[in-house]
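Here the structure comes first, spelled out in structure tokens, and everything after it is commentary.
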Amino acid sequence: MSVVQMEHINIYALRKNRKKILESLQRKGVVQVEDISVEDSSFTKEETFRKQAVFIKNSAIADNACDILNKYAPEKGSMLSMFEGRKPITVENYYMYVEEANEIMRVAYDITDAEKAISDAKAELARCSGQIDSL
């Protein structure tokens, strides 16, 4: 039996597919699996949990701000405008929104803070009205 020079392969895949890939390679018996942690210039490991949590929080605040704006100043449009669907944006507009993301989120926070102040004022008004009635 002749000796064949060993070849090295690197497999990059999603973590969720790791078990299936490893089991398939082990069943075939064609490779020896070794786990090495090499940082590559193309592939790096990032913790996305915190970024995802911030994104979800910002998304909820932006949705809430849109709901508040629609409550106080509904968007006027024709009856057929609801069937139009979403309008695509250009790449330039996308990058413009990315650059203005902090300002957009600041405005969204201001809108939600103003809504909270309005609800607090309404509660105070109801409390004062009740106090007037009792007096």
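Every number here is computed from the coordinates shown, using simple stated rules; none is lab data. Note that this is a predicted model, so its numbers are computed, not measured. Reconstructed Cβ throughout: ideal geometry from the backbone, glycine too, with neighbour counts over all protein chains shown.
Could you give the length gained on full extension between ARG27 and ARG50, defined as 0.36 nm per residue of separation minus the Cα-Cα distance, in nm?
Residue separation times 0.36 nm, minus the Cα-Cα distance, leaves 4.6 nm.
Mind checking the range 41-130 for trypsin sites (Lys or Arg not before Pro) that DSSP puts in a loop (not H, G, I, E or B) and that have at most 14 other Cβ atoms within 10 Å?
Hits after loop and neighbour filter: LYS45, LYS76, ARG86.
What's the longest piece of the chain with no exposed GluC sites (Glu not before Pro), counting a site as exposed if DSSP puts it in a loop and it has at most 13 other beta carbons within 10 Å?
101-135
Exceeding 29 Å between C-alpha atoms, which entries from my cross-link table qualify? They are LYS28/LYS51; LYS76/LYS122; LYS20/LYS87.
Checking Cα-Cα distances, LYS28/LYS51; LYS20/LYS87 exceed 29 Å.
Which is the longest run of the chain containing none of the chymotrypsin sites (Phe, Trp or Tyr not before Pro) found in DSSP loop states (not H, G, I, E, B) with at most 11 other C-beta atoms within 10 Å?
It works out to 44-135.
For the chain, evaluate the Debye formula with one uniform point scatterer on each Cα (no solvent term) and list log10 I(q)/I(0) at q = 0.16, 0.17, 0.22 Å⁻¹, rounded to two decimals.
-1.07, -1.13, -1.40
Need one word for the range 58-135: rounded, prolate or oblate. Basis is the Cα gyration tensor (sqrt eigenvalues a ≥ b ≥ c); a/c below 1.5 gives rounded, then a/b vs b/c decides.
Since a/c reaches 1.5 but b/c is at least a/b, the shape of the range 58-135 is classed as oblate.
Would you work out if the range 91-131 is rounded, prolate or oblate? Take a ≥ b ≥ c from the square roots of the eigenvalues of the alpha-carbon gyration tensor; rounded if a/c is under 1.5, else prolate when a/b is larger than b/c, oblate otherwise.
prolate
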